[in-house]
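Working notes, structure below.
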Amino acid sequence: MDLDVVCRALVGAVFVAAAAGKLRGRAAFAAFAADLTAMAVLPAQYARRVAVAVVAAEAAVGPLLVAPATAPAGAGLAALLLLAFTTAIASVLRRGAAVRCPCFGATRSPLGRRHLMRNTVLLAAAVLAVPGTGPHDAARVAVSVAAGLLAATAIIRLDDLADLFGDARQESRS
């Protein structure tokens, strides 16, 4: 496997899924803008404009990561977004505010430490997504992309997995 290809597939898929979740309808986008307002990390009058900018940037990350020539720009954009998201989440958690995660569209899960950990993993993957200098053979690329997409699926479904295993732990204690 080629680590840079795994990381490019992982980060690209996560950001495309994040943008798609927010763009699946007017209600989804409006909910995202409302969640930004609820986070109280920026003046409320800027929430819609910031929401537009965030979704546009998220949507750009995946395509930028596809080609080795533009992958450094995609990785850099992903890293900047992740730093901003992590800072906003940390601010919300420090204040003790109960704000739902606007990461992939509508969810019931409030922001928590797992979102900080997820973003840290994604930030590391974005740094590692800068392509190496050597050529990649097709079989290694296919396996690497499959591994990246599998990891992306787990990250995208993080809240569902946490709810599932959290419920299982609570039931075993009863």
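Just one of (1) in a loop (DSSP other than H, G, I, E, B); (2) under 16 Å from M1 (Cβ atoms); (3) among the charged types (D, E, K, R) trips up R108, so point out which.
The number of the failed condition is (2).
Just checking, which of A57, A88, A84, A129 is modelled with pLDDT of 90 or more, more than 21 Å from T37 (Cβ to Cβ) and out of contact with any Gly (no Cβ under 6 Å at 6 or more places or on another chain)?
A129 is the lone residue from the list that is modelled with pLDDT of 90 or more, more than 21 Å from T37 (Cβ to Cβ) and out of contact with any Gly (no Cβ under 6 Å at 6 or more places or on another chain).
If you check A31, A71, A47, which single one turns out to be over 16 Å from the mean Cα position of the chain (by Cα), in contact (Cβ under 8 Å) with a residue 40 or more places away in the chain and more than 25 Å from G148 (Cβ to Cβ)?
Values: A71 fails: more than 25 Å from G148 (Cβ to Cβ); A47 fails: in contact (Cβ under 8 Å) with a residue 40 or more places away in the chain.
Every option except A31 fails the conditions.
Just to be sure before I move on: is A20 over 13 Å from the mean Cα position of the chain (by Cα) and of a type outside the set (V, I, T) in the structure I sent? Walk me through it before giving the result.
On the way: over 13 Å from the mean Cα position of the chain (by Cα): no; of a type outside the set (V, I, T): yes.
For A20, the condition - over 13 Å from the mean Cα position of the chain (by Cα) and of a type outside the set (V, I, T) - is not met.
Just checking, which of A79, A71 is in contact with a helix residue (DSSP H, G or I) (Cβ under 7 Å, 6 or more places away or on another chain), within 21 Å of P131 (Cβ to Cβ) and either modelled with pLDDT under 95 or acidic (D, E) (or both)?
Values: A79 fails: either modelled with pLDDT under 95 or acidic (D, E) (or both).
Within the list A79, A71, the selection yields A71.
Can you name every residue in region 94-120 that is closer than 17 Å to D160 by Cβ and among the aliphatic types (A, V, I, L, M)?
Within region 94-120, A106, L111, M117 qualify.
The values are calculated or read from the model by the stated rules, or taken from the named source; none is laboratory data. Values in this document were obtained by computation on a predicted structure and should not be read as measured data. Reconstructed Cβ throughout: ideal geometry from the backbone, glycine too, with neighbour counts over all protein chains shown.
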